[in-house]
Protein chains: 2
Amino acid sequence: MTDRSLRVAVAQIDTTVGDFSGNSEKIVAFGRRAEKEGSDLVLFPELAVSGYPPKDLLDRRSFLAESDRTVARIARASGSAVWLFGAPVENRAKSGRPVFNAAVAARAGRRVGEYHKRLLPTYDVFDEGRHFEPGRGRPLVLRVKGMRVGITICEDIWNDKTFWKRPLYTVDPVAELAPLDLDLHANISASPYTLGKERLRRRMMGQIARRTRVPLVSCNLVGGNDGLVFDGLSKAFDGSGRVVGRSRSFEEDFWTIDLPGGRGPMPPEESEVAGLRKALVLSLADYAAKCGFFEAVLGLSGGIDSAITAALAAEALGSQKVLGVAMPGPYSSKGSLRDARELAKRLGIRFAEIPIGPVFEAYRRALSPAFGKGDCVPAEENLQARIRGALLMALSNRFGYLVLSTGNKSEIAVGYCTLYGDMAGGYALISDIPKTLVYELAAEINREREKIPAVILAKEPSAELRPNQRDTDSLPPYSELDPLIEALVDLSLPTDAAARRAKVSPEVARDVARRVDRNEYKRRQMPPGPKVTAKAFGEGRRYPIAQRFGV
Amino acid sequence: MTDRSLRVAVAQIDTTVGDFSGNSEKIVAFGRRAEKEGSDLVLFPELAVSGYPPKDLLDRRSFLAESDRTVARIARASGSAVWLFGAPVENRAKSGRPVFNAAVAARAGRRVGEYHKRLLPTYDVFDEGRHFEPGRGRPLVLRVKGMRVGITICEDIWNDKTFWKRPLYTVDPVAELAPLDLDLHANISASPYTLGKERLRRRMMGQIARRTRVPLVSCNLVGGNDGLVFDGLSKAFDGSGRVVGRSRSFEEDFWTIDLPGGRGPMPPEESEVAGLRKALVLSLADYAAKCGFFEAVLGLSGGIDSAITAALAAEALGSQKVLGVAMPGPYSSKGSLRDARELAKRLGIRFAEIPIGPVFEAYRRALSPAFGKGDCVPAEENLQARIRGALLMALSNRFGYLVLSTGNKSEIAVGYCTLYGDMAGGYALISDIPKTLVYELAAEINREREKIPAVILAKEPSAELRPNQRDTDSLPPYSELDPLIEALVDLSLPTDAAARRAKVSPEVARDVARRVDRNEYKRRQMPPGPKVTAKAFGEGRRYPIAQRFGV
């Protein structure tokens, strides 16, 4: 189409929601660097100015006003290159929602273009239809150095009829750009990480580039924000759909590429489980930093869940910033305390031991008149977990630690966990990791060196809340439970189809489905944790508590 | 326009989400009754077949299949009248979301019409844009006995350009119906209660009837579903916009009216605070019944919050189904225990006393090595609250009680409450009631008879977690705090405007605003409770936890 080319810079930054001054400093710094390196166009992530997702902060007029001021300040700082960055922008029409999810283009100190996102994801963890008015105008084609750059924002390119079986939207911005004789697709995004998603993105974007024969560059957000973690992995494709440049995953990154024809950096690809580990580490590091925590505390039971949580916390915050607390109870095995201590030693984290026996006895005495005779076992099991939760919270209140809860997705799905007990905490780091994946993650953590003692990986899972208790006393083996949860929760399959898929009996599937539904009340009160699967409990899965659907 | 008239029946029913058999039994029973009473048209609420809101249950294909079967079964039961009822209906188009929020019309055993809701509320507590594809067809005009009935669903009539300053949607179904020579507007809805909303609805619907000179009848849902309570108050308006028939509030109701010209029942109106009381009672009664609870437990501190919660619980569940537990601690005043006991006696609820001193001492001993020297006061205050939470949860685990938490909106807004302590529970009955309104509610409860001892109403608010503590030690007086919270939370005003509105200093407003933002993490883990104000914490207010916006 042309033998000229554009130098495009990709500034994959980690933004903080509401931190207009911090975010804009990053944008200006990278914008200037891009200009110094001779770039014609520099891309920043979606909503880079406000952070993503700003959620109901968008209801505050002062938030929009601050965004406007910041956009103006950034635009004034722009020079020889076109800076393209995301920001919430007021909708001045007489009807419709009051805000657009916009891409603002600035050059030579002034705004030179504005595009409003048309496809607003409103499913799973996304609430964009709640906050934004969809853009209705023509596609935006920016002229940069005489070349035609078609602008889109994230979801805008996720509705290709030739790629998806059933497009969710009736319009397709990419199809509308097709006849406009583009030289480049520029997409800015805030596309969160989930396991396996990167392959999908690459195929999907590659197909757009190939089908339209136009190079595509996409700048994605990186960083953790509450329950979402963004992996970055910004990419450039040539007009044949091949990846010709890629950012590093899970960290800020900056690079330039000449399009068409040039090549950007191509950092080595990592395994899925290595990516998962980075996702968890970054989500915790960012949650702590953005909330103002420097140290974390967690209970060490001697089991695998708390072991990997401690190992990941040590990577995220530094070992000396993590305190592991063993809280042996009347039914804890001797091995548990020993294993917890050994784990702390190998990880180099701080360690404390607080036996719960005397508190448990005091509770039993206090409750005995009200309890009377009869089965007190479930109540007393939960009590032990709640004492541990209260001890960790007391340490948090005393020293300002962030409490990490250690429950995995399998337990949380079926309610094999205690509200205000092991579910207590500020961040539930592995709450979206099924137990079978917990083992894979442990193996990955131990790849370089046996950080987690082998004995912890080998022992049979137990809550140790009554004598000789084992998880399999109340649950199917995790090798059956995890595929079943995936079928029921991630895929919303009916129980009979879920049973077939997970290769379990229909009775087991019905029992597990019932438990999943009946424990919604516990999950409603669970702390946030990073989404890493297709369907995480929490904001992305909104279920009624009072309901009677049984199938 | 015509001198004929239609007999319209309004079946204001209380549905349960996912209870297809129970909901359809009600629909069929009232449909038959309407036919027996000579009705031509009978209206049921929005999504009456599935219950409202079904939320992500709509993602399950089995849920939609069950809805389809149930719709067919109901249609087969219809006879001489047109039955108009709400149901989720599959979208068979090749793109778009897979479900419509539909109104199905049936008569003489078969379906005679289907309308798809066009305006899908996607704000506050509503997520309809997440679940439904908006209807795109023409307005539906049903022929009933030769008369022309225009069908709309709830929000469809809430976008009148002549009524709202800034319409949220760019289309207006009522305007599209205007030229179609209607004899009647029939609207089915699931419009939740909030304080003062009924006046707005009446003005809004009255204006539509008057402006179009067409009578309007609207059948609204009644009942509690998790955090929402629907007040019913279905209404008929004549062509001059006057109310000519109205259902009772907060209960199932059935009546008929001949339109135009006839009159329906007009139960006496109630005061706002009397309506609020009913809202709370119904929300709790339904939450318990729909979740399978028969009994409730709560802590009685001797203060006003737990007193009104206990009084309302006794009305909702029956006094003998409520257990009040006094849990005196080291800093409880003597009066507190005495007042709690007296309250239980006057309400006729069960009463138990469990002192927390020994458990508190056991915790202190357990924590003392880790705590070391320094300020342990905040940690120990929270510990007392958490012991109480754990005791109530133990009683719940032992006896199957629903735990009621007793925090009010003012406390929850500024985080003057303990996570896993007084915030623990299954239902937070007064979590959307500001403290000043708590007093009005207490006066209403005491109107017939002094159920709540006057001494409880007279005492100064205190958490009693340290010697001589008073709420005003850490908070502005509630007479200032509550208007400030309304300005900041309900109206999303900037702090300076909030300060002016609430007549407090900018410093106080900034401090309170900061507290509201910083305590989002606590509210994220709070149990559901009924929304009664314009903006309740919980699902209707979605804020990031990790964020740095400061204004």
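My understanding is that a pair violates if its Cα-Cα distance is over 21 Å; which of A:K161/A:K535; A:K55/A:K522; A:K55/A:K117 do that in this structure? Show your work: numbers first, answer last.
Details: A:K161/A:K535 24 Å; A:K55/A:K522 24 Å; A:K55/A:K117 16 Å.
Those over the limit are A:K161/A:K535; A:K55/A:K522.
Name the shape class, rounded, prolate or oblate, that the alpha-carbon gyration tensor gives for the stretch B:496-542, where a ≥ b ≥ c are the square roots of its eigenvalues, rounded holds for a/c under 1.5, and otherwise prolate holds if a/b is larger than b/c and oblate otherwise.
oblate
So, in nm, how far is label A:E342 from label A:E448 when the simple model puts each one 7 Å beyond its Cα toward the Cβ?
Once both label points are built, they end up 2.2 nm from each other.
Translational diffusion coefficient, Stokes-Einstein: compute it for the stretch B:73-165 using the Kirkwood radius over C-alpha pairs as Rh, at 20 °C and 1.002 mPa s, and state it as an integer in µm² s⁻¹.
Numbers: Rh = 14.5 Å.
After rounding, the answer is 148 µm²/s.
Which length gain, in nm to one decimal place, applies between A:Q469 and A:R510 when the Cα-Cα distance is subtracted from 0.36 nm times their residue separation? Working shown, then result.
Details: separation 41, 0.36 × 41 = 14.76 nm, distance 2.39 nm.
So the extension gain works out to 12.4 nm.
Where a ≥ b ≥ c are the square roots of the eigenvalues of the C-alpha gyration tensor, would you call the stretch A:18-84 rounded, which needs a/c under 1.5, or, failing that, prolate if a/b is larger than b/c, or oblate?
Judged from the Cα gyration tensor, the stretch A:18-84 comes out prolate (a/c at least 1.5, a/b above b/c).
Using 15 Å as the cut-off for backbone N distance, which residues of the stretch B:312-336 belong to the label zone defined by a point 7 Å from the Cα of B:E361 along Cα→Cβ?
Of the residues in the stretch B:312-336, B:329-331 have backbone N under 15 Å from the label point off B:E361.
I'd like the mean, over residues of B:120-132, of how many other protein chain beta carbons sit within 10 Å of each residue's own Cβ. It would help to have the intermediate numbers written out before the result.
Numbers: counts 2, 1, 8, 7, 3, 0, 1, 6, 2, 7, 9, 3, 0.
Rounded to a whole number, the mean comes out at 4.
Using all alpha carbons of the stretch A:263-381, what is the percent of pairwise distances in each 5 Å bin, ordered from the shortest bin to the longest?
All Cα pairs considered, the percentages come to 2, 10, 16, 15, 13, 12, 11, 8, 6, 3, 1, 1, 1, 0, 0, 0.
Using every Cα-Cα pair within the stretch B:276-473, state what percent have a distance larger than 22 Å.
For the stretch B:276-473, the fraction of Cα-Cα distances above 22 Å is 44 percent.
Of all alpha-carbon pairs in chain A, indicate the percentage at a distance above 48 angstrom.
17
For the protein assembly as shown, I need the span (max minus min coordinate) of the C-alpha atoms along each principal axis, in Å, sorted largest to smallest.
Principal extents (largest minus smallest coordinate, Cα): 79, 74, 66 Å.
At 7 Å along the Cα-to-beta-carbon direction for both A:T436 and A:S80, put a label point, then send me their distance in nm to one decimal.
With each label point 7 Å from Cα toward Cβ, the separation is 5.6 nm.
What list of ³J(HN,Hα) values in whole Hz, one per residue of the stretch B:228-245 in order, does the Karplus curve 6.51 cos²θ - 1.76 cosθ + 1.60 (θ = phi - 60°) give from phi, with Gly and Pro shown as x?
10, 10, 9, 8, x, 6, 4, 9, 10, 10, 7, x, 9, x, 8, 6, 10, x
Across peptide B:375-387, what mean number of C-beta atoms from other chains lies inside 10 Å of a residue's C-beta? List each step's numbers first, then the result.
On the way: counts 1, 3, 2, 3, 7, 3, 1, 6, 6, 0, 1, 10, 7.
Taking the mean over all residues of the peptide, I get 4.
With a ≥ b ≥ c taken as the square roots of the eigenvalues of the C-alpha gyration tensor of the stretch A:9-268, please select rounded if a/c is under 1.5 and otherwise prolate if a/b is larger than b/c or oblate if it is not?
Since a/c stays below 1.5, the shape of the stretch A:9-268 is classed as rounded.
Take the alpha carbon atoms of the stretch B:92-110, find their center, do the same for the stretch A:478-537, and report the distance between the two centers in whole angstrom.
Computed from Cα coordinates, the inter-centre distance equals 29 Å.
Taking every pair of Cα atoms in the stretch A:158-264, average 1/r, invert it to obtain the Kirkwood radius, and report Rg/Rh to two decimals.
0.97
For A:S479 and A:A497 in the same chain, what is the full-extension length gain: residue separation times 0.36 nm, less their Cα-Cα distance, in nm?
4.7 nm
Taking the Cα centre of the stretch A:54-180 as the origin and placing charges on Cβ (Lys, Arg +1; Asp, Glu -1), which of A:L119, A:V144, A:L57 is farthest toward the positive end of the dipole?
A:V144
How many percent of the alpha carbon pairs in the stretch A:476-518 exceed a separation of 17 Å?
10
Based on the alpha carbons, how large is the Rg to Rh ratio for the stretch A:243-297 when Rh follows Kirkwood?
Taking Rg over the Kirkwood Rh, I get 1.14.
Give the calculated FRET efficiency between A:D490 and A:R203 to the nearest 0.05, with a Förster radius of 25 Å applied to their Cβ-Cβ distance.
That gives a FRET efficiency of 0.80.
What FRET efficiency, computed as 1/(1 + (r/R0)^6) with R0 = 51 Å and r the Cβ-Cβ distance, is obtained for B:A352 and A:E353, rounded to the nearest 0.05?
The value I calculate is 0.90.
With a cut-off of at most 10 other beta carbons within 10 Å, and DSSP calling the residue loop, which chymotrypsin sites (Phe, Trp or Tyr not before Pro) in the stretch B:270-303 qualify? Please list them.
Loop-located and lightly packed - none at all.
How big is the stretch B:6-134 by Rg and Dmax over its Cα atoms, in Å?
14.2, 44
Over all residues in B:415-427, what is the mean tally of Cβ atoms on other chains that come within 10 Å of each residue's Cβ?
Counting other chains' Cβ atoms within 10 Å and averaging over B:415-427 gives 3.
Each reported figure results from applying straightforward, stated rules to the coordinates on display, with no laboratory input. Model, not experiment: these values are computed from the prediction. Virtual Cβ from ideal backbone geometry, glycine too; neighbours counted across all protein chains shown.
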